[in-house]
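Undergrad: Before anything else, here's the structure in question.
FYI, it's all coordinate maths here, none of it is from the lab. In this text the structure is predicted, and so the values were computed from the model without any measurement. All Cβ positions, glycine included, derive from the backbone under ideal geometry; neighbour counts span all protein chains shown.
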Amino acid sequence: MPARLILNADDFGLTPGINRAIAELHSAGVLTSATLMANGPAFSDAVAIARAHPSLAIGCHIVLVDGVPVSDPTRIPTLLGPDRKSFRPTLTHFIRDLLLRRINPEEVAIEARAQIQKITAAGIPITHIDTHKHTHIFPSIARPLLHVAAAANIRAIRNPFEPGWSLALNNGSPSRRLAVKLLRPLHTRFEALPQIANRTILTTDGTLAISATGALTPAILAELLDVLPTTGTYELCCHPGYNDADLDRIPTRLRAHRDIERAALLTEIPRRLTQPNPPQLIHYGNL
């Protein structure tokens with residue numbers, strides 16, 4: 001059996017340009033899945049696109065940092081930033097307060113449940129969950145999310161760890177590679193979580209390009225695809241889009257690179273599929 005590869009775009013619902021890129025890439029056969037931000041400014045546009053492309057699998061991109069909550073802010077005070085209306089503006093602040101135990105796991109569950117319910121209320125089936133900025137790499141976040149997913153009959157979650165063979169390529173900035181490597185010891189704790197260990201909720205053998213986020217050029221994507229193992233199941237995490245006026249109004253570090261990732265998918269996925277032993281393209285609903 002060949003390797004199986006999920007091609008998933010994050011940030012669906014962030015801007016119309018990102019949504020358009022996701023629709024175009026799926027129609028071109030180089031994207032199988034996208035994770036929808038329930039609190040995204042272009043949520044309604046994304047829902048319309050999802051309905052028009054039923055073969056595009058949709059996950060819930062749970063946002064706990066850098067955005068506004070879906071639930072009533074008064075119900076989730078420990079998730080909020082200084083303005084008491086929105087989430088903490090940076091991942092650094094989130095991690096600091098998480099390690100200081102200032103974040104209540106019950107509030108994580110409340111907000112995750114609200115985001116999932118908003119998507120399902122729009123008539124969109126959810127194949128899996130992941131998190132904005134991979135916050136579920138920490139067990140104290142993954143634990144309540146897995147409980148919420150199981151209760152909502154969502155059967156899959158992103159494995160937020162990059163496999164060693166992918167990390168060995170040394171893609172991405174040195175600081176990002178270092179951060180990814182420092183967090184790798186948490187992988188054992190992720191696999192030991194009850195829903196993962198007993199396969200109540202399924203996941204992959206790892207997620208590619210986490211270290212290359214913001215640097216996923218055609219050359220780097222080609223290198224990843226060319227050394228992809230001949231067996232196993234993996235996700236390629238990407239952030240394609242259009243760098244346009246709508247994106248200018250959004251606080252994100254990924255701007256011009258969204259165009260680069262879009263071009264990389266369009267050129268490198270078809271190239272790899274014509275080579276010997278191509279991976280089988282799937283989505284989380286196929287697990």
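Undergrad: Over the chain, with a Gaussian network built from C-alpha contacts below 10 Å, which listed residue (194, 105, 125) shows the highest mean-square fluctuation?
TA: Of 194, 105, 125, the most mobile in the Gaussian network model is 194.
Undergrad: Sticking with this one: So which lysines pass the test for residue 181, namely a Cα distance under 20 Å, with those fewer than 8 places away in the same chain ruled out?
TA: Partners within reach: 133.
Undergrad: Sticking with this structure for a sec: Between 0 and 90 degrees, rounded to the nearest ten: what's the tilt of helix 174-183 against the longest Cα principal axis of the chain?
TA: Taking Cα atoms only, the helix is inclined about 60 degrees.
Undergrad: Give, as a single signed number, the net charge of other residues whose beta carbon lies under 14 Å from the beta carbon of residue 43, with Lys and Arg counted +1 and Asp and Glu -1.
TA: Working: positive: 51, 118; negative: 11, 45, 246.
So the surrounding residues net to -1.
Undergrad: Quick one: Cα centre-to-centre distance for region 174-232 and region 48-116, in angstrom?
TA: What the calculation gives is 22 Å, centre to centre.
Undergrad: Then there is this: Quick check: net charge around residue 222, other residues with Cβ under 11 Å of its Cβ, Lys/Arg +1 and Asp/Glu -1? List each step's numbers first, then the result.
TA: Working: positive: 271, 272; negative: 223, 226, 268.
Neighbourhood net charge equals -1.
Undergrad: Near the amide H of residue 282, under 5 Å away, which other amide H atoms are found, from residues 5 or more places off or on another chain, if H is placed in the peptide plane?
TA: For residue 282, the qualifying residues are 5, 6, 7.
Undergrad: Here is a follow-up. Rounded to whole Hz and in sequence order, give me ³J(HN,Hα) for region 148-153 from the Karplus expression 6.51 cos²θ - 1.76 cosθ + 1.60, θ = phi - 60°, writing x for Gly and Pro.
TA: Result, rounded to whole Hz: 5, 4, 4, 5, 8, 6.
Undergrad: Report relative contact order for region 4-286 in percent, whole number only (criteria: Cα-Cα under 8 Å, sequence separation at least 6).
TA: Values: 523 pairs, mean separation 67.3, N = 283.
Across region 4-286, relative contact order equals 24 percent.
Undergrad: May I pose another question? Output the 0 to 90 degree angle, nearest 10, between the alpha-carbon long axis of helix 105-121 and the longest principal axis computed from the alpha carbons of the chain.
TA: Once rounded, one gets 60 degrees.
Undergrad: What lysines does residue 85 reach when the alpha-carbon gap must be under 19 Å and sequence neighbours fewer than 8 apart in one chain are set aside?
TA: The qualifying lysines are 118.
Undergrad: Given the -39500 (n - 2.57) contribution per DSSP H run of 4+ residues, what per-residue ellipticity at 222 nm results for the chain, rounded to the nearest 500 deg cm²/dmol?
TA: On the way: 12 runs with 117 residues, N = 287.
The helix contribution divided over the chain gives -12000 deg cm²/dmol.
Undergrad: Here's another thing I want to ask about it. In a GNM of the chain with a 10 Å cut-off on Cα contacts, which of 258, 20, 272 has the highest mean-square fluctuation?
TA: Its mean-square fluctuation being the largest, the pick is 272.
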